[in-house]
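Notes for the one structure printed next.
The values are calculated or read from the model by the stated rules, or taken from the named source; none is laboratory data. All figures in this text were calculated on a predicted structure; none of them were measured in a lab. So basically every Cβ, Gly included, is an ideal-geometry build from the backbone, and we count neighbours across all protein chains shown.
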Amino acid sequence: MSTIIVSINSAIRHNAISPKFYMHNKIIVCVKSGENETLSQHVINNCFKVIKFETFNDIEKQIKENNIDTVNLKVFSTSEDYMYTAAKLRALLSIEGMSFSEVAVFRDKTLMKKKAAQSKIRVPHFNNFEGQSYQEIAEQVGLPFVMKPRDAAGSFGVHIIKCETDFSEAVKDITLADNYAFEEYINGNLYHVDLLVQNGDIVFSVACEYTFPNLDFLSGKPCLSLVLQSDSEVSKNLKAFASQIVRSLELENGPSHIEIFISDQGEMVFLEAACRTPGAIVVPLYEKQFGVNMIEEAINIEQGKPVEKICPASEYHHFAGIFPTIEGEIKQIHEVAIRSEFDLEMHCSVGDSFTGLNSLKNIAGSIVVKNKNYDDLRKDFEYFRKFKLVS
């Protein structure tokens with residue numbers, strides 16, 4: 001009997017799976033009511049079934065009403081918001097896969113850092129926010145420091161505290177029930193390593209450099225990822241460090257997206273990790289570079305199917321990413337002037353108005369850039385550090 005996969009994800013994640021993969025796998029697409037309108041037609045045409053839900057109970061109810069055989073069922077999620085939902089369904093139906101407590105290691109940033117630190121992984125100095133004063137926090141982790149939700153994603157609700165006024169403004173909207181933490185601010189360049197783990201072994205791993213830390217997106221800077229050359233020293237070091245991190249967090253099967261600082265002093269510092277594939281623009285980036293769809297391979301891992309050796313599939317080098325919107329009305333879209341080939345997709349138009357930036361979801365446009373010459377590609381990558389798509 002073939003396996004049925006219950007995929008609990010955002011519409012954009014479902015859309016990233018190819019028609020061919022849907023045709024060759026029985027995938028029940030679970031999508032939040034309202035988001036189903038953004039499902040691609042190829043998903044609707046080729047998936048096994050679409051379940052629209054508001055709550056966990058809706059998914060459970062429809063599985064029972066449709067008499068779906070749970071003996072050969074697997075539950076899959078690569079969206080932060082639904083990790084716990086997937087774990088809860090596995091527990092209810094006695095299905096193998098990540099448990100609630102295993103997911104918590106990746107969703108609770110304090111628990112994550114504690115577990116990594118126990119394995120001697122360098123993490124920012126940190127603690128839970130329990131009403132401590134500005135002075136008490138500064139004495140613990142230094143200045144400036146960061147305040148962030150313990151379980152949010154996309155830089156939502158993150159504050160950089162440089163002075164007591166910043167702190168006073170931040171805590172106005174924070175209650176102890178919000179589960180905030182504070183941590184040391186790291187000066188340096190931010191990188192990410194994306195990998196696939198199967199039976200405890202890393203079967204795919206790639207390192208990328210960000211233009212800026214993700215939080216800078218909220219101040220108008222682009223969030224782009226450059227795929228590093230695999231034989232470079234920095235790539236090797238990052239992937240080795242990421243391997244230590246994912247083992248310290250005890251991920252046995254599935255994808256992980258790991259963010260690592262290399263500080264101004266050259267020290268590698270683990271920022272945070274997720275048990276999911278990278279952001280949506282990076283999935284097609286890797287598909288172009290390596291010929292692998294990380295979401296599809298993660299589903300294969302969930303089913304216990306072996307992942308074949310993955311090698312570069314393109315003669316091109318790539319980077320990709322997103323540009324932020326602005327506060328107020330967009331009056332101009334600026335021309336991209338680079339030598340590399342690129343595909344720019346706009347998500348807004350002149351005349352559109354926005355109330356501000358609060359997360360990485362406030363996107364003005366997305367871009368994929370390629371060049372056969374790596375040095376020329378890096379020059380274009382550097383160009384975007386000073387580029388604004390809209391004003």
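Would you point out the residue of the range 172-184, among those that are of a type outside the set (G, A, S) and surrounded by fewer than 16 Cβ atoms within 10 Å (Cβ to Cβ), that is farthest from the chain's Cα centre (by Cα)? Here the residue is K172. If you filter the range 219-258 down to residues that are out of contact with any helix residue (DSSP H, G or I) (no Cβ under 8 Å at 6 or more places or on another chain) and of a type in the set (D, E), you find that the one that is nearest to Y316 (Cα to Cα) is D231.
Is it the case that F270 is touching a residue at least 12 places away in the same chain (Cβ under 8 Å), of a type in the set (F, W, Y), part of a strand (DSSP E or B) and within 20 Å of F384 (Cα to Cα)? For F270, the condition - touching a residue at least 12 places away in the same chain (Cβ under 8 Å), of a type in the set (F, W, Y), part of a strand (DSSP E or B) and within 20 Å of F384 (Cα to Cα) - is not met.
In the range 42-63 there is at least one residue matching the filter, namely being surrounded by 19 or more Cβ atoms within 10 Å (Cβ to Cβ) and touching a His at 6+ places or on another chain (Cβ under 6 Å).
Checking V193 against (1) surrounded by fewer than 21 Cβ atoms within 10 Å (Cβ to Cβ); (2) closer than 22 Å to F290 by Cβ; (3) in contact with a Lys or Arg (Cβ under 9 Å, 6 or more places away or on another chain), only one condition comes out false. Which one? With respect to (1) surrounded by fewer than 21 Cβ atoms within 10 Å (Cβ to Cβ); (2) closer than 22 Å to F290 by Cβ; (3) in contact with a Lys or Arg (Cβ under 9 Å, 6 or more places away or on another chain), V193 is out only on (1).
Checking G142, G157 one by one, the residue that is more than 18 Å from G254 (Cα to Cα) and surrounded by fewer than 16 Cβ atoms within 10 Å (Cβ to Cβ) is G142 and no other.
May I ask you to list the residues in the range 219-244 that are more than 20 Å from R378 (Cβ to Cβ) and under 16 Å from the mean Cα position of the chain (by Cα)?
Initially, the range 219-244 is screened for residues more than 20 Å from R378 (Cβ to Cβ), giving 219-220, 240-244.
Across the range 219-244, the qualifying residue is only A242.
Restricting attention to the range 76-99, the residues being within 19 Å of the chain's Cα centre (by Cα) and of a type outside the set (S, T, N, Q) number 9. Look through the range 8-41, keep the residues that are touching a Ser or Thr at 6+ places or on another chain (Cβ under 7 Å) and in contact (Cβ under 8 Å) with a residue 60 or more places away in the chain, and return whichever of them is surrounded by the most Cβ atoms within 10 Å (Cβ to Cβ). Among residues in the range 8-41 that are touching a Ser or Thr at 6+ places or on another chain (Cβ under 7 Å) and in contact (Cβ under 8 Å) with a residue 60 or more places away in the chain, the one surrounded by the most Cβ atoms within 10 Å (Cβ to Cβ) is I8. Among the residues examined, G220 qualifies as surrounded by fewer than 21 Cβ atoms within 10 Å (Cβ to Cβ) and either in contact (Cβ under 8 Å) with a residue 12 or more places away in the chain or among the polar types (S, T, N, Q) (or both). Among the residues making up the range 215-254, a single one is assigned to a strand (DSSP E or B) and on the phi > 0 side of the Ramachandran plot: G254. Among the residues of this structure, I17 counts as one that is within 17 Å of E297 (Cβ to Cβ) and either in the same structural domain as A273 (by TED's automatic domain parsing) or part of a loop (DSSP other than H, G, I, E, B) (or both).
Among the residues of the range 265-280, some residue qualifies, meaning at least one is farther than 21 Å from K114 by Cα, modelled with pLDDT of 95 or more and surrounded by 23 or more Cβ atoms within 10 Å (Cβ to Cβ). Within the range 273-309, the set of residues being without any contact (Cβ under 8 Å) to a residue 24 or more places away in the chain and not basic (K, R) comprises E287, G291, N300, G304, E308. Across the range 293-322, which residue is surrounded by the fewest Cβ atoms within 10 Å (Cβ to Cβ) among those that are under 17 Å from S205 (Cα atoms) and among the acidic types (D, E)? My answer is E308. Listed by first and then second residue, the pairs with beta-carbon distance under 8 Å, at least 6 apart or on different chains, first residue in the range 108-135 and under 20 Å from D151 (Cβ atoms), second assigned to a loop (DSSP other than H, G, I, E, B) and β-branched (V, I, T), are K113/V123; A116/V123; A117/V123; P124/I186; F129/I174. Of all the numbered requirements in (1) closer than 20 Å to V103 by Cβ; (2) out of contact with any helix residue (DSSP H, G or I) (no Cβ under 7 Å at 6 or more places or on another chain), T78 misses one, and that requirement is (2). Listed by position, the strands (runs of 3 or more DSSP E) enclosed by the range 304-391 that each have at least 2 residues that are of a type in the set (D, E) are 341-346. Residues that are part of a loop (DSSP other than H, G, I, E, B) and of a type in the set (S, T, Y) were ranked within the range 162-197; the one that is farthest from T277 (Cα to Cα) is T175.
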